[in-house]
Amino acid sequence: MSEESEKNRTFWKNEEKKLDEQIKLAMWPGGAKAVERLAEQGKRPVRELINQLIDPDTLFFELSTIAGFGVEYPGIKDVPGGGLVTGLGKIQGNWTMIIANDSRVKAGTYFPITLKKHMRAQAISERCGINTVYIADSGGAYLPMQAEIFPDDQQFGSMFYNMARMSAMGLKQITLSTGGNTAGGAYMVFMACQSVMIDKLAYSFLGGPPLVQMATGEVISAEDLGGADVHTRISGGADHYSLNQSEAVEHVREILGLEPPQKLHIHRYAEASPRVPDGSIYETLPATIHQAINMHSILATIADDSLFSEYKSNYAPGRGDNIITGKIRIKGLPIGVIASNSVGIIFVEAARKATEWIVRCCQEKIPLLFIQCSPGYMVGSESEHMGIGKYGANMVRAVSCAQVPRIQLVLGPDNGAANYGMCGRAYRPHFLFDTMRGRTSVMSGRSAAGVLLSIEERKRRANGNLMSEEEKQEFRDKMIEKYDGEAHPFYCGARLLNDRVLKFSEIRDWLAMAFEVSLLKPIGEPAFGNFRF
Ligand code: COA
């Protein structure tokens, strides 16, 4: 192994250790004490329930585990995991979305980030046409922040609006209630296609005992007001009664066992492993984020047989090949690739080639993978006169209208309009994965510091107040720190700007899963708006 490769490997392994630590913090809020408290209530940590719910010997693909860190709500710095576990697993052979409250985080109440995570998971279910299981155990709205979580679209009410519409589309919504479901939260039980409640653990009511006493004078226990027995035997608001969590999970599996099997809407070829040694991507990716990369060697670590059938490989060398296009297969699934290469700056030729390739893949109805490592489109008079604006816009249009499943993987950097053209979050890719090398911001810290400094200097000059060299340096350092901090995968992951920060070693498995889930719905016909030529 060369010295450079060794250096890269050590660097990225260390970076991914930091990711492991962050994930561990999200998975064990409150530590052993919180687990003991659950046990006293007759409950297991929610991920244990999920493991029992999915098919034996299969993986749970957990989304956005590091959501909620550093969100800085009034009096609360972190909401580990957003207080919610979401992800995809196979139940009775079918991919299913699981959305589960983690009652160790402020009784599983809903903060703005919890809602965002809940909505994102429901959006994936709806778009991919898969069923959803809710494991409900929540104190409902986080009351001190009601104004930010209650009334708006994409806030509390939207959870139930989504349940209703998805059910109308034929997608099953199953709720396993294993804790409090109060006020609005009660609809999690009552809106489900079928719901399972657990004796003496699950409660569901529009107003809890204290509110009932205040409003009507009636004194009643939670169990008698809206426990499992009440709702399965008297009100009919829930459908299945279980004695404990294990029995309830098996009940949900039984219900979903009667669902028809899912089908893939693409031909799947035989799977083949990459031909390069496992983990070689750690050596290939430079530790410096703005250093040029060799995308061919990265694709070799992801593709079946390490085979990349490149489209227009000879076109405009040094400019056209800052994006490479072509086909690969991942675990037998055919995929069209649009991937940054070298320093990743997008020239006119690269933008035109990428647009052409997106349109071709849409015609062929094969899904698209965008691998984003671009600091932006080329600037300057030569590029402007050649039409970088209109060709960049064509690329954005093609990305926006492409009717095939689209997935973005950020290997970094990820700046400016290249974020748009390479299918960033605003372009609603079916899934968006970041890595520890990703840096997502409007421009790099260094560029932003330069631009902002020139504005600041102009302002000060107008007031007759010139900046000293030290002041300039201090200003620059502060801006670089701010921009680089906000571009970091932890910052973006905490705010759900991606669906997960992947380790390099996880990329192939996660892409295979995500494309498979995205291909469960038939692909429609291509339609693009008005390109400029
Ligand atoms: N808003 C804000 N904080 C809440 C909350 C809410 N709706 N529900 C619970 N919490 C907080 C508690 O204050 C406590 O905070 P702390 O750890 O800083 O002391 C933490 O979450 C754990 O709550 P606790 O009551 O100790 O948990 P529990 O497991 O004993 O009981 C509930 C869980 C959900 C049954 C109970 O907390 C409850 O009834 N909450 C209110 C439910 C409600 O009326 N919601 C209406 C919202 S629409």
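No value in this document is a laboratory result; all are computed from the given coordinates. None of the values given here were measured: they were computed from a predicted structure. Neighbour counts run over all protein chains shown; Cβ positions are idealised from the backbone, glycine included.
Per-structure values
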{"read-out": "Cβ-derived FRET efficiency at R0 56 Å, residue 312 paired with residue 143, nearest 0.05", "value": "0.45"}
{"read-out": "Neighbour-count order for 90, 17, fewest beta carbons within 10 angstrom listed first", "value": "17, 90"}
{"read-out": "Ellipticity estimate at 222 nm from DSSP helix runs (n ≥ 4, -39,500 (n - 2.57)) divided over the chain, nearest 500", "value": "-12000 deg cm²/dmol"}
{"read-out": "Cα centroid separation - the stretch 315-366 against the stretch 101-159, whole Å", "value": "37 Å"}
{"read-out": "Cα-centre dipole for the stretch 1-104 with unit charges at Cβ (Lys and Arg positive, Asp and Glu negative), debye to 20", "value": "320 debye"}
{"read-out": "Distance violations [Cα-Cα > 28 Å] among 17/172; 353/503; 43/263; 77/117; 263/331", "value": "17/172; 353/503; 43/263"}
{"read-out": "Footprinting exposure proxy for 365, 482 (fewest neighbouring C-beta atoms within 10 Å first)", "value": "482, 365"}
{"read-out": "Cβ charges +1 (Lys, Arg) and -1 (Asp, Glu), total dipole of the stretch 223-337, debye", "value": "940 debye"}
{"read-out": "Pairwise FRET efficiency - residue 14 versus residue 294, Cβ, R0 = 22 Å, nearest 0.05", "value": "0.50"}
{"read-out": "Convex hull volume per residue in cubic angstrom - Cα atoms of the stretch 142-196", "value": "71 Å³"}
{"read-out": "Cα-based shape type of the stretch 393-533, given that a ≥ b ≥ c are square roots of the gyration tensor eigenvalues and the cut on a/c is 1.5", "value": "oblate"}
{"read-out": "Angle in degrees between helix 445-462 and the longest Cα principal axis of the chain, rounded to the nearest 10", "value": "80 degrees"}
{"read-out": "In order through the stretch 526-533: 3J(HN,Hα) via Karplus (6.51 cos²θ - 1.76 cosθ + 1.60), integer Hz, x for Gly, Pro", "value": "x, 8, 10, x, 8, 6, 10, 10"}
{"read-out": "Packing-based exposure ordering (other Cβ within 10 Å, fewest first) of 399, 230, 35", "value": "35, 230, 399"}
{"read-out": "Calculated FRET value between residue 509 and residue 39, using beta carbons and R₀ = 30 Å, to 0.05", "value": "0.40"}
{"read-out": "Leading residue at positive end of dipole, the chain (Cβ point charges), from 290, 219, 59", "value": "290"}
{"read-out": "Directionally averaged shadow of the stretch 275-398, computed from the convex hull of its alpha-carbon atoms, nm²", "value": "7.7 nm²"}
{"read-out": "Separation of alpha-carbon centers, the stretch 456-527 and the stretch 389-427, rounded to whole Å", "value": "15 Å"}
{"read-out": "For the chain, diffusion coefficient by Stokes-Einstein and Kirkwood Rh (Cα), 25 °C, 0.890 mPa s, µm²/s", "value": "98 µm²/s"}
